[in-house]
Amino acid sequence: MRHFISLVLVGCLTTMSAQVTPLVEDSFETGTGGYTTGVNLNGQAPSSTTGFTGSWTNTSGGFQVQSTGLSYGSLVTSGGAAFATGSNARIGRLLQTTYDSTFSGTLYFSFLMQLESVGGHYQALEFHNGGFSDGTHRQFLIASGGNITGLSNDVFAYRFTDGTSSTPFGTADTNVNMFVVKLELSASAGSDSITIYRNPTDLLVEGNNTITANASGQDIVFDRITLAFFPAGEVDPSSVTFDELRLGTSFASVTPVPEPRSAATLLGLVALGMVGLNRRRWRQQGG
Ligand SMILES: [Ca+2]
(Lines give C-alpha, C1' and ligand atoms only; values in the text may rest on other atoms or scores of the structure.)
Protein backbone atom coordinates (compact mmCIF):
# COMPACT_ATOMS: atom_id res chain seq x y z
CA MET A 1 0.00 0.00 0.00
CA ARG A 2 2.76 2.42 0.96
CA HIS A 3 4.54 1.63 -2.31
CA PHE A 4 1.30 2.30 -4.23
CA ILE A 5 0.85 5.68 -2.53
CA SER A 6 4.44 6.62 -3.41
CA LEU A 7 3.83 5.72 -7.04
CA VAL A 8 0.65 7.80 -7.15
CA LEU A 9 2.39 10.77 -5.55
CA VAL A 10 5.30 10.57 -8.01
CA GLY A 11 2.74 10.37 -10.83
CA CYS A 12 0.92 13.44 -9.52
CA LEU A 13 4.12 15.46 -9.19
CA THR A 14 5.25 14.42 -12.68
CA THR A 15 1.91 15.45 -14.17
CA MET A 16 1.88 18.74 -12.28
CA SER A 17 5.43 19.63 -13.30
CA ALA A 18 4.53 19.07 -16.97
CA GLN A 19 2.08 21.97 -16.88
CA VAL A 20 4.22 25.03 -17.58
CA THR A 21 2.70 28.26 -18.84
CA PRO A 22 4.00 29.36 -22.24
CA LEU A 23 5.47 32.83 -22.77
CA VAL A 24 3.29 33.43 -25.81
CA GLU A 25 -0.08 31.86 -26.50
CA ASP A 26 -2.95 32.42 -28.91
CA SER A 27 -5.78 29.91 -29.22
CA PHE A 28 -7.85 32.39 -31.25
CA GLU A 29 -10.61 32.67 -28.68
CA THR A 30 -13.80 34.23 -29.97
CA GLY A 31 -16.52 36.17 -28.17
CA THR A 32 -16.00 38.37 -25.11
CA GLY A 33 -12.31 39.23 -24.72
CA GLY A 34 -11.49 37.31 -27.89
CA TYR A 35 -11.51 37.89 -31.62
CA THR A 36 -14.42 39.15 -33.67
CA THR A 37 -15.34 36.65 -36.37
CA GLY A 38 -16.33 37.66 -39.88
CA VAL A 39 -13.97 40.62 -40.11
CA ASN A 40 -10.31 40.96 -41.01
CA LEU A 41 -7.80 39.92 -38.37
CA ASN A 42 -5.97 43.15 -39.21
CA GLY A 43 -6.26 45.62 -36.30
CA GLN A 44 -7.54 43.08 -33.78
CA ALA A 45 -5.76 42.83 -30.41
CA PRO A 46 -7.86 40.68 -28.07
CA SER A 47 -7.10 40.40 -24.37
CA SER A 48 -7.34 36.59 -24.54
CA THR A 49 -3.81 36.25 -25.95
CA THR A 50 -0.52 36.10 -24.03
CA GLY A 51 2.87 37.60 -24.89
CA PHE A 52 1.86 39.73 -27.87
CA THR A 53 1.80 43.52 -28.13
CA GLY A 54 -0.19 45.81 -30.41
CA SER A 55 -2.63 44.47 -32.96
CA TRP A 56 -2.30 42.12 -35.90
CA THR A 57 -0.98 44.08 -38.88
CA ASN A 58 -1.33 42.99 -42.45
CA THR A 59 0.68 43.93 -45.45
CA SER A 60 -1.77 42.52 -47.95
CA GLY A 61 -4.92 40.46 -48.24
CA GLY A 62 -6.83 39.01 -45.37
CA PHE A 63 -7.03 36.50 -42.59
CA GLN A 64 -10.11 36.10 -40.42
CA VAL A 65 -10.91 34.11 -37.28
CA GLN A 66 -13.51 31.35 -37.46
CA SER A 67 -15.34 30.01 -34.41
CA THR A 68 -14.26 26.41 -35.08
CA GLY A 69 -10.73 25.61 -33.92
CA LEU A 70 -8.26 22.94 -35.02
CA SER A 71 -7.48 19.98 -32.79
CA TYR A 72 -4.55 17.58 -32.61
CA GLY A 73 -4.47 14.42 -30.50
CA SER A 74 -4.66 15.22 -26.81
CA LEU A 75 -3.29 18.77 -27.20
CA VAL A 76 -5.20 21.30 -25.12
CA THR A 77 -7.07 23.54 -27.55
CA SER A 78 -9.81 26.14 -27.26
CA GLY A 79 -11.60 28.84 -29.21
CA GLY A 80 -11.48 29.20 -32.97
CA ALA A 81 -8.71 29.43 -35.54
CA ALA A 82 -7.31 31.87 -38.11
CA PHE A 83 -7.84 31.22 -41.81
CA ALA A 84 -6.86 32.96 -45.03
CA THR A 85 -9.75 34.51 -46.89
CA GLY A 86 -8.33 33.63 -50.27
CA SER A 87 -6.46 36.68 -51.45
CA ASN A 88 -2.72 37.21 -51.14
CA ALA A 89 -2.34 37.53 -47.42
CA ARG A 90 0.41 38.22 -44.94
CA ILE A 91 -0.36 39.30 -41.40
CA GLY A 92 1.83 39.40 -38.31
CA ARG A 93 1.80 40.42 -34.69
CA LEU A 94 4.64 41.77 -32.58
CA LEU A 95 5.80 39.87 -29.53
CA GLN A 96 6.35 41.61 -26.20
CA THR A 97 9.91 40.31 -26.30
CA THR A 98 12.34 40.73 -29.20
CA TYR A 99 14.71 37.80 -29.53
CA ASP A 100 17.69 39.71 -30.91
CA SER A 101 21.27 38.65 -31.57
CA THR A 102 22.22 39.03 -27.89
CA PHE A 103 19.61 36.50 -26.76
CA SER A 104 20.92 33.18 -25.56
CA GLY A 105 18.67 30.29 -24.60
CA THR A 106 16.38 27.53 -25.77
CA LEU A 107 12.86 28.28 -26.98
CA TYR A 108 10.11 26.03 -28.28
CA PHE A 109 7.45 27.18 -30.74
CA SER A 110 4.40 25.11 -31.66
CA PHE A 111 1.44 25.61 -33.94
CA LEU A 112 -1.29 23.75 -35.80
CA MET A 113 -1.67 24.16 -39.56
CA GLN A 114 -4.18 22.68 -41.97
CA LEU A 115 -3.98 23.12 -45.73
CA GLU A 116 -7.31 23.14 -47.52
CA SER A 117 -5.53 21.77 -50.55
CA VAL A 118 -2.01 20.76 -51.49
CA GLY A 119 -0.83 22.81 -54.40
CA GLY A 120 1.23 25.64 -55.72
CA HIS A 121 0.06 28.29 -53.28
CA TYR A 122 2.61 29.43 -50.74
CA GLN A 123 1.22 28.86 -47.25
CA ALA A 124 3.54 29.55 -44.38
CA LEU A 125 4.15 30.46 -40.80
CA GLU A 126 7.01 32.94 -40.73
CA PHE A 127 9.24 34.65 -38.18
CA HIS A 128 10.09 38.23 -39.13
CA ASN A 129 12.30 40.86 -37.52
CA GLY A 130 11.86 44.62 -37.90
CA GLY A 131 9.35 44.47 -40.75
CA PHE A 132 7.67 42.21 -43.28
CA SER A 133 10.11 42.30 -46.19
CA ASP A 134 10.99 38.91 -47.70
CA GLY A 135 14.56 39.88 -48.38
CA THR A 136 15.65 41.58 -45.20
CA HIS A 137 13.12 40.82 -42.46
CA ARG A 138 12.05 37.20 -42.92
CA GLN A 139 14.18 35.03 -40.67
CA PHE A 140 12.61 31.60 -40.64
CA LEU A 141 9.59 29.90 -42.12
CA ILE A 142 7.77 26.61 -42.33
CA ALA A 143 5.81 26.43 -45.56
CA SER A 144 4.12 24.31 -48.14
CA GLY A 145 3.52 24.97 -51.80
CA GLY A 146 5.13 26.93 -54.59
CA ASN A 147 7.27 30.03 -54.30
CA ILE A 148 9.71 27.92 -52.34
CA THR A 149 12.65 28.02 -54.66
CA GLY A 150 13.54 24.77 -56.28
CA LEU A 151 11.00 22.56 -54.54
CA SER A 152 7.90 20.76 -55.72
CA ASN A 153 4.55 22.00 -54.51
CA ASP A 154 3.56 19.06 -52.39
CA VAL A 155 6.14 19.20 -49.60
CA PHE A 156 6.58 20.94 -46.29
CA ALA A 157 9.85 22.82 -46.06
CA TYR A 158 11.74 25.14 -43.77
CA ARG A 159 13.85 28.09 -44.77
CA PHE A 160 16.01 30.68 -43.08
CA THR A 161 16.58 34.25 -44.30
CA ASP A 162 15.34 34.82 -47.80
CA GLY A 163 17.88 34.06 -50.48
CA THR A 164 19.05 30.81 -48.98
CA SER A 165 17.70 27.48 -50.15
CA SER A 166 14.66 25.74 -48.70
CA THR A 167 14.88 22.29 -47.19
CA PRO A 168 11.96 19.87 -47.62
CA PHE A 169 11.06 17.62 -44.72
CA GLY A 170 8.08 15.60 -45.83
CA THR A 171 5.04 15.28 -48.04
CA ALA A 172 2.32 17.85 -47.47
CA ASP A 173 -1.24 16.77 -46.75
CA THR A 174 -4.58 18.24 -45.76
CA ASN A 175 -4.54 16.80 -42.22
CA VAL A 176 -4.17 19.01 -39.17
CA ASN A 177 -0.39 19.10 -38.79
CA MET A 178 1.31 19.99 -35.54
CA PHE A 179 4.79 21.47 -35.71
CA VAL A 180 7.08 21.94 -32.73
CA VAL A 181 10.26 23.89 -33.43
CA LYS A 182 13.05 23.88 -30.90
CA LEU A 183 15.18 27.01 -31.27
CA GLU A 184 18.59 26.87 -29.61
CA LEU A 185 19.70 30.48 -29.83
CA SER A 186 23.20 31.70 -29.05
CA ALA A 187 24.68 35.18 -28.64
CA SER A 188 27.62 34.00 -30.76
CA ALA A 189 27.37 34.61 -34.51
CA GLY A 190 26.35 31.67 -36.70
CA SER A 191 25.57 29.44 -33.74
CA ASP A 192 21.78 29.10 -33.70
CA SER A 193 20.15 25.76 -34.44
CA ILE A 194 16.65 24.44 -34.97
CA THR A 195 15.02 21.06 -34.49
CA ILE A 196 11.60 20.34 -36.02
CA TYR A 197 9.12 17.75 -34.83
CA ARG A 198 6.24 17.28 -37.26
CA ASN A 199 3.23 15.61 -35.66
CA PRO A 200 4.90 14.50 -32.41
CA THR A 201 3.30 11.37 -30.98
CA ASP A 202 4.33 11.97 -27.37
CA LEU A 203 3.33 15.43 -26.17
CA LEU A 204 4.74 14.82 -22.69
CA VAL A 205 8.31 13.69 -23.40
CA GLU A 206 10.30 15.39 -26.17
CA GLY A 207 12.84 12.56 -26.32
CA ASN A 208 10.19 10.00 -27.25
CA ASN A 209 9.55 11.76 -30.57
CA THR A 210 11.37 11.30 -33.85
CA ILE A 211 13.22 14.39 -35.04
CA THR A 212 11.80 15.40 -38.43
CA ALA A 213 14.55 17.83 -39.39
CA ASN A 214 17.32 19.88 -37.86
CA ALA A 215 19.87 22.49 -38.90
CA SER A 216 22.65 24.45 -37.25
CA GLY A 217 25.05 27.32 -37.99
CA GLN A 218 22.27 29.93 -38.29
CA ASP A 219 21.52 33.42 -37.01
CA ILE A 220 17.84 33.80 -36.14
CA VAL A 221 16.40 36.99 -34.67
CA PHE A 222 12.69 37.73 -34.52
CA ASP A 223 10.18 40.12 -33.07
CA ARG A 224 6.92 38.91 -34.63
CA ILE A 225 4.99 35.88 -35.82
CA THR A 226 3.44 36.01 -39.27
CA LEU A 227 0.82 34.01 -41.16
CA ALA A 228 1.06 33.96 -44.96
CA PHE A 229 -0.96 32.68 -47.89
CA PHE A 230 -0.23 33.46 -51.53
CA PRO A 231 -2.35 31.54 -54.03
CA ALA A 232 -0.25 32.85 -56.93
CA GLY A 233 -3.15 33.46 -59.26
CA GLU A 234 -4.67 30.01 -59.05
CA VAL A 235 -8.28 29.56 -60.15
CA ASP A 236 -9.24 27.90 -56.87
CA PRO A 237 -7.06 29.53 -54.24
CA SER A 238 -8.66 27.61 -51.33
CA SER A 239 -7.27 28.53 -47.88
CA VAL A 240 -5.03 27.59 -44.99
CA THR A 241 -5.90 27.53 -41.28
CA PHE A 242 -3.58 28.18 -38.32
CA ASP A 243 -4.28 27.65 -34.63
CA GLU A 244 -2.80 27.22 -31.13
CA LEU A 245 0.34 29.36 -31.40
CA ARG A 246 2.63 28.82 -28.43
CA LEU A 247 6.17 29.93 -27.58
CA GLY A 248 7.79 28.70 -24.38
CA THR A 249 10.99 27.63 -22.69
CA SER A 250 10.26 23.90 -22.60
CA PHE A 251 8.72 21.24 -24.84
CA ALA A 252 5.91 20.67 -22.34
CA SER A 253 5.06 24.37 -22.19
CA VAL A 254 4.05 24.35 -25.87
CA THR A 255 2.48 20.86 -25.93
CA PRO A 256 -0.02 20.99 -23.03
CA VAL A 257 -2.27 17.97 -22.50
CA PRO A 258 -5.12 17.60 -20.02
CA GLU A 259 -4.28 15.98 -16.72
CA PRO A 260 -5.99 12.57 -16.61
CA ARG A 261 -7.22 13.39 -13.13
CA SER A 262 -6.35 16.35 -11.02
CA ALA A 263 -3.75 15.76 -8.33
CA ALA A 264 -6.35 16.66 -5.69
CA THR A 265 -8.74 13.97 -6.99
CA LEU A 266 -6.02 11.32 -6.97
CA LEU A 267 -4.95 12.24 -3.44
CA GLY A 268 -8.60 12.05 -2.39
CA LEU A 269 -8.88 8.54 -3.86
CA VAL A 270 -5.74 7.48 -2.01
CA ALA A 271 -7.15 8.87 1.24
CA LEU A 272 -10.46 7.02 0.71
CA GLY A 273 -8.53 3.81 0.03
CA MET A 274 -6.60 4.19 3.29
CA VAL A 275 -9.80 4.79 5.25
CA GLY A 276 -11.32 1.63 3.73
CA LEU A 277 -8.21 -0.40 4.54
CA ASN A 278 -8.18 0.83 8.13
CA ARG A 279 -11.89 0.01 8.53
CA ARG A 280 -11.31 -3.53 7.29
CA ARG A 281 -8.39 -3.93 9.70
CA TRP A 282 -10.49 -2.53 12.58
CA ARG A 283 -13.34 -4.93 11.77
CA GLN A 284 -10.94 -7.88 11.53
CA GLN A 285 -9.36 -6.94 14.87
CA GLY A 286 -12.74 -6.24 16.50
CA GLY A 287 -14.57 -9.30 15.05
CA1 LIG B 1 -8.05 27.37 -31.20
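Laid out as a table, the results:
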quantity: Where G119 falls short, out of the listed (1) modelled with pLDDT under 95; (2) part of a loop (DSSP other than H, G, I, E, B); (3) surrounded by fewer than 19 Cβ atoms within 10 Å (Cβ to Cβ); calculated: (3)
quantity: Matching residues in the stretch 68-114 - criterion: being part of a strand (DSSP E or B), within 14 Å of the ligand (Cβ to nearest atom) and surrounded by fewer than 15 Cβ atoms within 10 Å (Cβ to Cβ); calculated: none
quantity: Search result, residues across the stretch 58-67 that are touching a residue at least 40 places away in the same chain (Cβ under 8 Å) and more than 16 Å from the ligand (Cβ to nearest atom); calculated: T59, G61
quantity: Checking F109 against (1) in contact (Cβ under 8 Å) with a residue 24 or more places away in the chain; (2) over 15 Å from E25 (Cβ atoms), the condition it does not meet; calculated: (2)
quantity: Criterion (acidic (D, E) and over 28 Å from P46 (Cβ atoms)) met by exactly one of D173, D100; calculated: D173
quantity: Complete set of residues in the stretch 240-276 that are away from the ligand (no atom under 16 Å from the Cβ) and either modelled with pLDDT of 95 or more or surrounded by 19 or more Cβ atoms within 10 Å (Cβ to Cβ) (or both); calculated: G248, T249, S250, F251, A252, S253
quantity: Any hit, the stretch 100-110, residues being under 18 Å from the mean Cα position of the chain (by Cα) and of a type in the set (S, T, N, Q); calculated: yes
quantity: Candidate set: the stretch 224-239, residues that are assigned to a loop (DSSP other than H, G, I, E, B) and hydroxyl-bearing (S, T, Y); chosen: the one modelled with the highest pLDDT; calculated: S239
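The values are calculated or read from the model by the stated rules, or taken from the named source; none is laboratory data. Keep in mind it's a predicted model, so treat the numbers as computed, not measured. Positions of Cβ are backbone-derived with ideal geometry, glycine not excepted, and every protein chain shown enters the neighbour counts.
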